[in-house]
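Trainee: Dropping a structure here in C-alpha cells format, bear with me for questions.
Readers should treat all values here as calculations from the given coordinates under stated rules, not as data from a laboratory. Everything numeric here is computed off the predicted structure, so don't read it as measured data. Ideal geometry is used to build each Cβ from the backbone, glycine not excepted, and the neighbour counts take in all protein chains shown.
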Amino acid sequence: MQASLLTPRFALLLLLLGTAPLAAQITLTSAYFPEVGDSLLTNQATDAYRDGITFQPPGENLTWDFGTPELRTEFTEVLEAVTNDTFFVDATARLTSAAFAYEYYQRTDTAYNLVGLVGTLPFLRDTVLATRLTPPRPVKRANITYGDRFASTSVRELRISIDSLPQEIKNGVAGPFLAIYDTLRVVNTSVRTDEIDAYGTLTLNGKEYEVLREKRVEQLDTRVYLKADGGEFNDVTQQIKFADPSSGQFLGQLPEQGTYYFWAQGVKEPIVEIEFDEDENPTTFVYIRGERNPTTSLELPEALERVSLRPNPVRDAFTLSYTLTQATTISAALYDTRGQRVWQWPARYSNAGPGRLEGDVATLAGGVYYLQLQTSGGQTVRRLVKQ
C-alpha cells in the first residue's frame, strides 16, 4: 500500500523541482497539406552526417536533437496548379521530384493523394511516360495522432507499343526478341504500411518543434509482360533479369524500404525525413532549412518573374527564360541529383526586362538535373529531365 502512494508523491516532487514538462501529444489536421504556390524545400545532408544518425524506438514524449546538419544539396520546388488535365482528371496540383518529371496530387478534406506520375523507367530512359495510381495513394492524412496505423496497396500500369520504342532498343540485343510482340506492359505494385509510432520534441538548427513521427515501410514489385497480336500477356520478368542481371535492382519483388517522417502542424514538408534500407541503416537524410519560417512558402527572389524552362524533357538544347523586375547580377548552374555541378553560366549584370540563357545537355546521361538560377535577391531552382 505504501509503495503505491510513493509514485504520485515522487512525481509531484519532480514537478516542484523543475523537471522538464512532457511534450504535448498532437493531432495533425489538414493544415500541414501543401497548397498551390507553396515552395517545398529539399535539403539533403552529407553522407558523413547521415551515417552518424541512430534511430530511437517507438514511444511517447521522446526527444530528438539533430543539431545542425552538414548540407550537401538544397533545392526549392514549386507546387503548380493543374486544371482540366485530360489524363490525370482528379489532379489539382503537380510537383517536380527527384525521381519523376512530375508528381500529380489530389487534395481532399482527409488526405493528400498521389494520383499519377510522369517520368521515365530505368530501362526506358529515352521515353517519357504517364501513369495513374489505382487507387490514389495517400501521402498525408488529416486528423492523425500517435498510435494510428494504415495499410494501402496501389498499382500503376503502363502499356507501350513495341513500335513506339526507341530505335536503339529495337536495334539492340533484345530487338529480335521484341520483334515478335506488339505490346509491352509494365505493372508496378506498391504495398505500404504507415504507422504514427512516436511523438515528442525535435530540435533542428537550434529550433524546437512538437512532432509526430511516421514510419512508412514500402515494398515494390515490378513485372514486365509482353503480348503478341491476338495473344495474351506473358510475364517475362525473370527472362529479363536472367539476360541482364543488373535489372534485378528495379525488377521483381524488391527488399522493403522505409522512411521516417517527422511532421509538425502547419509545416508543409517534413521537418526531418530519413530513408532507411531493409536492415534499418539510414540511406538519406533530408530536412528543412532552419533559418526559414517553416510555416510560409518561399517565393521567387524579388528580382525574378516568369521563370520557364523549355523544352522539358529535353534531348539536346534548352532555353531558360525569365524576367528581371530590377537590375541585378544573375548566374545559373546545372546540378545532377547527387548535387554535383555539371555546367555553369558565368555571372553577369543585367538590367530589368526579359532575359534568357541557352544550354545544351546532349552529352549528359539521361536522368534528372536541377538548374539553379541565382540573383542578388535569392535563388530559385527548376527541374530538368534529360531524355
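Trainee: Would you pull out the residues with amide H under 5 Å of Arg72's amide H, same chain only if 5 or more places away, H placed 1.01 Å from N?
Mentor: Correct list: Gln44, Ala45, Thr46.
Trainee: Listed highest first by mean packing, meaning other Cβ atoms within 10 Å per residue, what order do 34-46, 83-95 come in?
Mentor: Numbers: 34-46: 18.2, 83-95: 15.2.
So the order, starting with the most tightly packed, is 34-46, 83-95.
Trainee: Continuing with the same structure: Using amide H atoms built in the peptide plane, which far-off residues or other-chain residues are under 5 Å from Val139 H to H?
Mentor: Correct list: Tyr112, Asn113, Leu114.
Trainee: Can you give the FRET efficiency for Leu178 and Arg310, using 1/(1 + (r/R0)^6), R0 = 30 Å, r = Cβ-Cβ distance, to the nearest 0.05? Display every interim value, and only then the final one.
Mentor: Details: r = 33 Å, r/R0 = 1.09.
That gives a FRET efficiency of 0.40.
Trainee: Between Ala48 and Gln239, what FRET efficiency follows from the Cβ-Cβ distance if R0 is 35 Å, with the result rounded to 0.05? Before the final figure, lay out the partial values.
Mentor: Working: r = 41 Å, r/R0 = 1.18.
That gives a FRET efficiency of 0.25.
Trainee: Using the Karplus curve 6.51 cos²θ - 1.76 cosθ + 1.60 with θ = phi - 60°, work out ³J(HN,Hα) for each residue of segment 183-191 in order, rounded to whole Hz, and write x for Gly and Pro.
Mentor: 9, 9, 10, 10, 10, 10, 10, 10, 10
Trainee: Go ahead and collect, in residue order, the members of segment 238-277 whose backbone nitrogen is under 12 Å from a label point 7 Å along the Cα-Cβ direction of Thr284.
Mentor: Under 12 Å, as judged by backbone N against the label point of Thr284, lie 258-260, 273-277 of segment 238-277.
Trainee: Please list 3J(HN,Hα) in residue order for segment 360-369, calculated via the Karplus relation 6.51 cos²θ - 1.76 cosθ + 1.60 where θ = phi - 60°; whole Hz, with x for glycine and proline.
Mentor: 9, 10, 4, 8, 8, 5, x, x, 9, 9
Trainee: Relative to the present Cα-Cα distance, how much length would full extension add between Ser376 and Asn205 at 0.36 nm per residue of separation? Show your work: numbers first, answer last.
Mentor: Details: separation 171, 0.36 × 171 = 61.56 nm, distance 2.47 nm.
Length gained between Ser376 and Asn205: 59.1 nm.
Trainee: Taking only Cα atoms of segment 38-288, what ratio of Rg to Rh do you get with Rh as the Kirkwood inverse-distance radius?
Mentor: We get a ratio of 1.01 for segment 38-288.
Trainee: As an exercise, use a Förster radius of 25 Å and the Cβ-Cβ distance of Ser152 and Thr86 to find the FRET efficiency, rounded to the nearest 0.05. Each step should come with its number before you reach the end.
Mentor: Numbers: r = 26 Å, r/R0 = 1.05.
The value I calculate is 0.45.
Trainee: Please give, to one decimal in nm, the separation of the simple spin-label points placed at Ser246 and Thr27, each 7 Å out from Cα toward the Cβ.
Mentor: Each label point is offset 7 Å from its Cα along the Cβ direction, giving 5.2 nm.
Trainee: Under 8 Å for C-alpha pairs, at least 6 residues apart: give me the relative contact order for segment 38-288, rounded to a whole percent. Intermediate results must be reported in sequence, preceding the final value.
Mentor: Numbers: 550 pairs, mean separation 43.3, N = 251.
Normalised by residue count, the contact order of segment 38-288 is 17 percent.
Trainee: How long is the gain from Arg159 to Asn171 if the chain were fully straight, where each residue apart is worth 0.36 nm and the alpha carbon distance is subtracted? Walk me through the intermediate numbers first.
Mentor: Working: separation 12, 0.36 × 12 = 4.32 nm, distance 2.04 nm.
Length gained, Arg159 through Asn171: 2.3 nm.
Trainee: Using each residue's phi in segment 55-66, evaluate 6.51 cos²θ - 1.76 cosθ + 1.60 at θ = phi - 60° and report the 3J(HN,Hα) Karplus result to the nearest Hz, with x for Gly and Pro.
Mentor: Each residue of segment 55-66 in turn: 8, 8, x, x, x, 9, 6, 8, 10, 10, 10, 9 Hz.
Trainee: How much length, in nm to one decimal, is gained on full extension between Lys227 and Ala317, taken as 0.36 nm per residue of separation minus their Cα-Cα distance? Write out the running numbers ahead of the final one.
Mentor: Working: separation 90, 0.36 × 90 = 32.40 nm, distance 3.64 nm.
Separation in residues times 0.36 nm, less the Cα-Cα distance, equals 28.8 nm.
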